[in-house]
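Visitor: What follows is a single structure, and I will ask about it in a moment.
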Amino acid sequence: MSIARERPPFVADERTQLVGWLDTQRAIALWKCAGLSEEDAYRPVLPGSPLMTVAGLLSHLRWTEHCWFEVLFLGRSPEGNPQFDESVEDADMRVEGIPLARLLDEYERQCRVSNEIIASHSLDDVGKHPDFRSAQATLRWMLIHMVEETARHAGHLDTIRELLDGTKGYY
């Protein structure tokens with residue numbers, strides 16, 4: 001996936017700006033994984049958060065995209081998404097044995113699916129899943145939330161990457 005690490009145009013329609021900011025944050029998250037060793041991708045650097053690794057965050061971002069756009073917005077089944085597994089805390093961040101390349105591919109694929117969903121619906125459309133209160137939000141609200149969620153974790157990835165090997169940079 002070649003998402004540009006560029007801000008959206010200063011003057012554009014709302015959808016272009018919202019998706020542009022989300023794509024920018026997604027690209028930053030992917031960039032923070034570039035050139036990282038398999039070992040470092042799974043190495044915890046925050047003593048109080050052992051699952052918050054590059055690999056764990058990448059998996060979390062993938063499943064969060066799935067949750068908001070496929071499950072909550074489209075009303076699809078949550079089956080298969082570890083975020084809905086209440087028997088295991090932070091199940092979506094438990095990625096032992098899954099190669100970083102696979103996590104990257106799955107995240108990029110999920111971002112493409114999300115963008116297809118976004119492109120084919122009005123920003124005023126409301127989520128469809130009957131079992132989750134958050135599905136009552138509009139696609140606009142979900143997009144804004146995903147910009148916030150992705151940017152927050154891109155910041156985590158920035159910090160983790162610097163602690164792992166000193167690599168710094170935003171754009």
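The values are calculated or read from the model by the stated rules, or taken from the named source; none is laboratory data. Everything numeric here is computed off the predicted structure, so don't read it as measured data. A quick note on method: Cβ atoms are made from the backbone with ideal geometry, for glycine too, and the neighbour counts reach across all protein chains shown. Please note that ligands, DNA and RNA were not included when accessible areas were found on the heavy atoms of the full protein model with its side chains. Shrake-Rupley method; radii C 1.70, N 1.55, O 1.52, S 1.80 Å.
Visitor: Using just the helices of the chain, give the 222 nm mean residue ellipticity in deg cm²/dmol: DSSP H runs with n ≥ 4 each add -39,500 (n - 2.57), and the total is spread over all residues, rounded to 500.
Guide: Helix contribution divided over all residues of the chain: -15500 deg cm²/dmol.
Visitor: Given the alpha-carbon gyration tensor of the stretch 26-84, what are the semi-axes of its equivalent ellipsoid in whole angstrom, ordered largest first, with each equal to the square root of 5 times an eigenvalue?
Guide: 26, 14, 8
Visitor: How large a share of the accessible area of the chain, in percent, is made up of carbon and sulfur atoms when the probe is 1.4 Å and the other protein chains stay in place?
Guide: Of the solvent-accessible surface of the chain, carbon and sulfur hold 51 percent.
Visitor: Order of 14-23, 91-100 by packing, highest average Cβ count within 10 Å first?
Guide: Sorting 14-23, 91-100 by mean packing, highest first, produces 14-23, 91-100.
Visitor: Which of Ser122, Ser114, Ser87 ends up with the largest GNM mean-square fluctuation for the chain, with Cα atoms connected below 10 Å?
Guide: Top of the fluctuation ranking is Ser87.
Visitor: Could you work out which residue, out of Trp63, Trp141, Trp31, moves most in a Gaussian network model of the chain, that is, has the largest mean-square fluctuation with Cα springs under 10 Å?
Guide: It is Trp141.
Visitor: With N residues in the chain, what two-decimal value do you get for its Cα radius of gyration over 2.2 N^0.38 Å?
Guide: So the Cα radius of gyration is 1.03 times the expected 2.2 N^0.38 Å.
Visitor: Also: Take the Cα gyration tensor of the stretch 1-44, multiply each eigenvalue by 5, square-root it, and list the three semi-axes largest first, rounded to whole angstrom.
Guide: After diagonalising the Cα gyration tensor, the semi-axes are 29, 9, 7 Å.
Visitor: Additional query: Using θ = phi - 60° and the Karplus form 6.51 cos²θ - 1.76 cosθ + 1.60, what ³J(HN,Hα) does each residue of the stretch 21-27 get, whole Hz, x for Gly and Pro?
Guide: Values per residue, Gly and Pro as x: 5, 5, 4, 4, 5, 4, 5 Hz.
Visitor: I would also like to ask the following. Using unit Cβ charges (K, R positive; D, E negative) and no other charged atoms, how large, in debye to the nearest 20, is the dipole of the stretch 96-162 about its Cα centre?
Guide: Value, rounded to 20: 120 debye.
Visitor: Follow-up question, since we're still on this one. Starting at the first residue of the stretch 87-99, write each ³J(HN,Hα) from the Karplus equation 6.51 cos²θ - 1.76 cosθ + 1.60 with θ = phi - 60°, in whole Hz, x for Gly and Pro.
Guide: In residue order, the calculated couplings are 7, 10, 5, 6, 4, 6, 9, 8, 10, 3, x, 9, x Hz.
Visitor: Right, here's the next one. Rounded to the nearest 10 degrees, what's the angle between the helix 139-165 long axis and the longest principal axis of the chain, both from Cα atoms, 0 to 90?
Guide: Value to nearest ten degrees: 10.
Visitor: Which value, in Å² rounded to 10, gives the accessible area of Glu39 with a 1.4 Å probe and all protein chains present?
Guide: Approximately 140 Å² of Glu39 is accessible to the 1.4 Å probe.
Visitor: Skip the ligands, DNA and RNA, and give the accessible area per residue of the stretch 1-134 with a 1.4 Å probe, whole Å².
Guide: 52
Visitor: Continuing with this model, one more query. Kindly express, to the nearest 10 degrees and within the range 0 to 90, the angle between helix 100-119's C-alpha long axis and the longest C-alpha principal axis of the chain.
Guide: Result, in degrees: 20.
Visitor: What angle, in degrees between 0 and 90 and rounded to the nearest 10, separates the Cα long axis of helix 54-65 from the longest principal axis of the Cα atoms of the chain?
Guide: Between helix and principal axis, roughly 10 degrees.
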